[in-house]
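Trainee: One structure, pasted below without further comment.
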Amino acid sequence: MLTQWTTGLTGQTQIVMPVAQRVMQFRYPLPYGAILQEDGVQFVVYSHSATAMRVLLYRRSSDREPHRIVEFNPATDRWGDIWSLFIPRLKSGQLYHFQADGPYDLERGHRFNPNARLIDPYTRALSGRFQRSSDGIIRPPKCVVVNEDFDWQGDRLLRRPLSESVIYEMHVRGFTRSSSSESNHPGTYLGVIDKIPYLKSLGVTAVELMPVHEFPILDPFGKKPPRTNYWGYDSLAFFSPHRGYQHGNKAGDQVRQFKEMVRALHAAGIEIILDVVFNHTAEGNHVGPTLSFKGLENRVYYMLNQDGTYKNYSGCGNTVNGNHPICRELIFHCLRHWVYNYHIDGFRFDLASILSRGRHGELIPNPPLVELIAEDPMLADTKIIAEAWDAAGAYQVGSFADRRWAEWNGHYRDDIRRYWRGDMGLSGPMATRLAGSADLYQSSGRKPYHSINFITSHDGYPLNDLVSYEQKHNQANGEDNRDGDNNNYSANYGVEGPTRRRPIFELRRRQAKNMMASLLLSNGTPMLVSGDEVLRTQRGNNNAYCQDNATSWFDWKLVERNAEMLRFCKELITFRKSQPNVRRATFLTGEPTGNGELPDVRWYGVDGQPICWDTTFHSLLCVFGTMGLEDPLKRDIMLFMHAGSASQKFHVPPVVRSRTWRLLVNTAAQAPNDIHPNAEGPLLPPGDLLVLPHHTLVCYVAE
């Protein structure tokens with residue numbers, strides 16, 4: 001009798017054999033990877049075109065040669081295109097590579113090399129480093145057999161609604177690597193645990209971790225590359241947490257430490273979203289190394305040109321063939337693996353438009369992979385977020401997928417930046433973004449919270465630099481300042497970079513507050529990048545992908561130095577979490593109520609009359625009413641925004657004068673009067689006139 005069960009490693013069905021049959025060492029040939037069993041390890045790998053397959057076993061991470069090589073028997077260890085071999089008496093911590101024979105025929109897409117040592121695409125961990133080789137064969141880090149057992153102490157996914165989320169994008173290493181962090185384990189998963197009290201005090205509900213899948217630390221020849229891979233967008237092993245962020249060097253211990261980090265964050269009420277990179281790998285283009293996929297089934301895992309070179313929609317040398325059934329299966333199993341084994345709450349898909357490309361690179365309607373991710377039942381409680389563009393011109397913001405997918409809203413970023421910079425004709429776009437971007441998401445049945453609103457991210461200037469530099473300064477990257485985006489919609493207000501001129505310094509800080517307040521008072525889901533709350537700077541570098549140094553690291557001295565900005569952010573987050581009127585689950589209509597309640601939104605010009613949208617003014621007044629909200633904490637909100645360079649008179653609309661309004665935010669005021677906790681600031685002045693200084697946002701909340 002056979003017993004079926006669903007393995008936590010991949011979600012695939014496995015068969016547990018009765019003892020009598022297990023003595024004959026027959027094992028069901030799935031799931032993929034190195035599956036630890038009571039009496040040994042089952043090694044399972046896919047290859048359609050391989051003519052032979054081997055497992056290379058090592059004792060230590062530093063070993064240059066395997067101590068044992070075990071051949072797969074094609075007659076007994078191959079089931080279709082699945083190579084499956086059980087080796088008894090192996091235990092957790094065993095190190096290994098695969099090795100495959102097969103054709104080398106570029107026109108047919110084959111790149112087999114019988115001497116190449118290959119990373120298991122499903123390996124749960126890597127250990128060691130690339131090793132130099134006199135024979136020219138690259139020795140990549142070794143795969144580790146992992147025991148997934150862990151005491152989760154009852155932990156489960158937090159399942160916080162996206163509409164109630166405040167996302168904090170951060171880099172695991174950079175968050176605590178600086179000596180100013182005073183962490184016991186700087187630059188590691190355990191270091192993040194040290195700073196959980198800070199994250200709780202800030203009020204964010206989720207951390208979005210920049211790539212933690214395995215990526216190269218050294219180059220394929222064991223040398224430090226000329227430009228460090230700091231960001232980590234260069235995957236080696238999708239199922240493995242990056243060993244460079246573990247404390248110590250015990251093989252496979254990064255698995256335990258990552259889980260400890262997740263468990264601790266969850267205990268603090270903070271979700272974990274992973275930035276996943278399924279669009280390309282570290283194997284690069286046709287001159288890149290053979291590390292894994294190239295040596296197992298190159299033409300299946302990558303999109304190829306007719307001459308055997310690689311299509312490059314990622315801008316990184318190759319493109320994963322995501323809508324091939326084998327790649328779809330790998331990505332599907334990988335996501336389940338992170339949800340089940342690591343309790344991950346969501347995923348942000350880097351260059352997600354590549355997931356919409358067919359097997360020949362064309363953008364296709366209803367992409368199978370995109371649909372598979374949206375409909376998978378194990379992912380039903382997770383957040384699914386697309387960076388809805390790629391490096392080859394696809395830009396699908398607002399049209400990437402259906403109502404399951406949220407998106408990084410690039411239009412929000414650009415419109416908010418341009419409005420506060422003082423560009424002409426931005427009142428309409430500004431209003432649309434504040435209201436939740438119905439122009440992008442309503443027609444597809446999605447909601448305001450499917451718009452991930454952001455003004456800054458890892459890719460580009462941090463907030464401080466956005467108001468301090470008009471030109472990128474990427475010389476330290478070693479590419480003659482050619483890298484990085486040239487369209488930043490930034491301003492320096494008179495001086496490029498740091499200045500001691502008080503008027504410029506104060507204007508920059510006011511503009512930073514204007515944008516932060518806009519972000520946290522907009523409908524949609526806000527995301528801020530780590531360090532913006534304390535005005536971290538990258539000194540004008542808008543592409544710090546290779547800066548594993550103070551340019552990118554969180555400077556913890558800024559927590560005290562810029563305590564004013566930190567307090568401003570904390571109070572805004574607190575207000576947002578308490579106020580349903582800025583995190584609506586449905587789009588605004590502007591329809592009158594007829595019962596004395598304010599409509600859910602009204603837009604006005606400086607004269608207090610309904611706005612004329614073709615105005616050239618840099619000013620906007622809006623009232624978010626409470627119509628349609630059942631929450632007893634609901635309160636009317638009135639926003640005055642002025643991006644001009646001179647002061648501006650606003651006439652308060654007659655319809656709101658009968659209410660009592662108290663000040664929440666005034667970005668032109670000196671701290672602590674720039675923000676009032678619980679909107680308990682001064683009353684709206686009597687009369688119908690309010691004068692705003694240049695570049696100012698003022699927010700009143702009805703009692």
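The values are calculated or read from the model by the stated rules, or taken from the named source; none is laboratory data. As the structure is a prediction and not an experimental result, all values here were calculated from the model. Here Cβ is always computed from backbone atoms with ideal geometry, including for glycine, and neighbour counts include all displayed protein chains.
Trainee: Please go through the stretch 494-534 and give me each residue that is under 24 Å from the mean Cα position of the chain (by Cα) and among the hydrophobic types (A, V, I, L, M, F, W, C), ordered by number.
Mentor: ALA512, MET515, MET516, ALA517, LEU519, LEU520, LEU521, MET527, LEU528, VAL529, VAL534
Trainee: If only one of THR537, THR574 is within 20 Å of PRO498 (Cβ to Cβ), touching a residue at least 40 places away in the same chain (Cβ under 8 Å) and either crowded, with 21+ Cβ neighbours inside 10 Å or under 28 Å from the mean Cα position of the chain (by Cα) (or both), which one is it?
Mentor: Of THR537, THR574, the one residue that is within 20 Å of PRO498 (Cβ to Cβ), touching a residue at least 40 places away in the same chain (Cβ under 8 Å) and either crowded, with 21+ Cβ neighbours inside 10 Å or under 28 Å from the mean Cα position of the chain (by Cα) (or both) is THR537.
Trainee: Any residue in the stretch 469-486 that is more than 19 Å from TRP231 (Cα to Cα) and in contact with a Gly (Cβ under 7 Å, 6 or more places away or on another chain)?
Mentor: To start, the set of residues in the stretch 469-486 that are more than 19 Å from TRP231 (Cα to Cα) comprises 469-471, 480, 486.
Keeping just the survivors that are in contact with a Gly (Cβ under 7 Å, 6 or more places away or on another chain) gives 469.
Taking every residue of the stretch 469-486 in turn, at least one turns out to be more than 19 Å from TRP231 (Cα to Cα) and in contact with a Gly (Cβ under 7 Å, 6 or more places away or on another chain).
Trainee: From the list GLY288, GLY322, GLY295, which one is at pLDDT below 95 and either part of a loop (DSSP other than H, G, I, E, B) or under 22 Å from PHE112 (Cβ atoms) (or both)? Give the derivation first.
Mentor: Values: GLY322 fails: at pLDDT below 95; GLY295 fails: at pLDDT below 95.
Checking each option against the conditions leaves just GLY288.
Trainee: Any chance the stretch 573-584 includes a residue that's within 30 Å of ASN474 (Cβ to Cβ) and not in a loop (DSSP other than H, G, I, E, B)?
Mentor: No, every residue in the stretch 573-584 fails to be within 30 Å of ASN474 (Cβ to Cβ) and not in a loop (DSSP other than H, G, I, E, B).
Trainee: Further question on the same structure: Do we have VAL300 as assigned to a helix (DSSP H, G or I), surrounded by fewer than 23 Cβ atoms within 10 Å (Cβ to Cβ) and β-branched (Val, Ile, Thr) here?
Mentor: For VAL300, the condition - assigned to a helix (DSSP H, G or I), surrounded by fewer than 23 Cβ atoms within 10 Å (Cβ to Cβ) and β-branched (Val, Ile, Thr) - is met.
Trainee: Hey, could you check the stretch 549-558 for residues that are crowded, with 19+ Cβ neighbours inside 10 Å and touching a residue at least 40 places away in the same chain (Cβ under 8 Å) and say which is farthest from LYS195 (Cα to Cα)?
Mentor: Taking the candidates together, the pick is SER552.
Trainee: If ALA391 passes every condition in (1) assigned to a helix (DSSP H, G or I); (2) of a type outside the set (Phe, Trp, Tyr); (3) in contact with a Ser or Thr (Cβ under 7 Å, 6 or more places away or on another chain) but one, which one does it miss?
Mentor: Exception for ALA391: condition (1).
Trainee: Let me ask you something else. Of the residues ASP381, ASP350, only one is charged (D, E, K, R) and under 30 Å from ASN514 (Cβ atoms); which?
Mentor: ASP350
Trainee: Considering only the stretch 325-350, how many residues are part of a helix (DSSP H, G or I) and among the acidic types (Asp, Glu)?
Mentor: Counting residues in the stretch 325-350 that are part of a helix (DSSP H, G or I) and among the acidic types (Asp, Glu) gives 1.
Trainee: Could you please let me know if ASN366 is out of contact with any strand residue (DSSP E or B) (no Cβ under 7 Å at 6 or more places or on another chain), modelled with pLDDT of 95 or more and outside any helix (DSSP H, G or I)?
Mentor: no
Trainee: Can you pull out the residues in the stretch 497-512 that are in contact with a Gly (Cβ under 9 Å, 6 or more places away or on another chain) and either small (Gly, Ala, Ser) or over 22 Å from THR696 (Cα atoms) (or both)?
Mentor: GLY497
Trainee: Pick from the stretch 600-646 the residues that are surrounded by 15 or more Cβ atoms within 10 Å (Cβ to Cβ) and of a type in the set (Val, Ile, Thr): which of them is farthest from the chain's Cα centre (by Cα)?
Mentor: VAL606
Trainee: Can I ask one more? Does any residue of the stretch 673-682 turn out to be under 24 Å from GLU564 (Cα atoms), surrounded by fewer than 20 Cβ atoms within 10 Å (Cβ to Cβ), of a type outside the set (A, V, I, L, M, F, W, C) and within 33 Å of the chain's Cα centre (by Cα)? I'd like the intermediate steps shown before the answer.
Mentor: The first filter runs over the stretch 673-682 and keeps only residues under 24 Å from GLU564 (Cα atoms), leaving 673-682.
Adding the requirement that they be surrounded by fewer than 20 Cβ atoms within 10 Å (Cβ to Cβ) leaves 673, 677-678, 680, 682.
This time we only want the ones that are of a type outside the set (A, V, I, L, M, F, W, C), so: 673, 677-678, 680, 682.
Next, from what is left, pick out any that are within 33 Å of the chain's Cα centre (by Cα): 677-678.
Scanning the stretch 673-682 turns up at least one residue that is under 24 Å from GLU564 (Cα atoms), surrounded by fewer than 20 Cβ atoms within 10 Å (Cβ to Cβ), of a type outside the set (A, V, I, L, M, F, W, C) and within 33 Å of the chain's Cα centre (by Cα).
Trainee: Scan the stretch 218-251 residue by residue and report those that are of a type in the set (Ser, Thr, Tyr) and in a loop (DSSP other than H, G, I, E, B). Quick ask: steps written out before the conclusion?
Mentor: Keep residues of the stretch 218-251 that are of a type in the set (Ser, Thr, Tyr), which gives 228, 230, 233, 235, 240, 245.
Across the stretch 218-251, the qualifying residues are THR228, TYR230, TYR233, SER235.
Trainee: Considering only the stretch 653-683, state which residues are touching a residue at least 40 places away in the same chain (Cβ under 8 Å) and closer than 18 Å to CYS622 by Cβ.
Mentor: PRO653, PRO654, VAL655, VAL656, ARG659, TRP661, ARG662, LEU664, VAL665, THR667, ALA679 - these are the residues of the stretch 653-683 that are touching a residue at least 40 places away in the same chain (Cβ under 8 Å) and closer than 18 Å to CYS622 by Cβ.
Trainee: Can you pull out every residue in the stretch 409-430 that is outside any helix (DSSP H, G or I) and crowded, with 24+ Cβ neighbours inside 10 Å? Break it down stepwise before answering.
Mentor: Filtering the stretch 409-430 down to residues outside any helix (DSSP H, G or I) leaves 409, 422-426.
Listed by number, the list holds a single entry, ASN409.
Trainee: Restricting the search to the stretch 602-624, which residues are in contact with an Asp or Glu (Cβ under 9 Å, 6 or more places away or on another chain) and either among the hydroxyl-bearing types (Ser, Thr, Tyr) or touching a residue at least 40 places away in the same chain (Cβ under 8 Å) (or both)?
Mentor: Residues of the stretch 602-624 in contact with an Asp or Glu (Cβ under 9 Å, 6 or more places away or on another chain): 608, 618, 623-624.
Result: GLY608, HIS618, PHE624.
Trainee: State whether the residues of the stretch 481-503 include one that is polar (S, T, N, Q), surrounded by 23 or more Cβ atoms within 10 Å (Cβ to Cβ), under 23 Å from PRO429 (Cβ atoms) and in contact (Cβ under 8 Å) with a residue 40 or more places away in the chain. Reasoning before the result, please.
Mentor: As a first pass, look at the stretch 481-503 and keep what is polar (S, T, N, Q): 481, 486-488, 490, 492, 499.
Filter again for surrounded by 23 or more Cβ atoms within 10 Å (Cβ to Cβ), leaving none.
No: zero hits.
Trainee: Please specify each residue of the stretch 391-404 satisfying the condition of being at pLDDT 95 or above and closer than 18 Å to ASN523 by Cβ.
Mentor: Listed by number, the residues that qualify are VAL397, GLY398.
Trainee: Here's something else I'd like to know. Among (1) in contact with a Lys or Arg (Cβ under 7 Å, 6 or more places away or on another chain); (2) in a helix (DSSP H, G or I), which single condition is ARG508 missing?
Mentor: Single failed check for ARG508: (1).
Trainee: How many residues does the stretch 191-217 hold that are among the acidic types (Asp, Glu), more than 23 Å from GLU283 (Cβ to Cβ) and either modelled with pLDDT under 95 or not in a helix (DSSP H, G or I) (or both)?
Mentor: Final tally of qualifying residues: 1.
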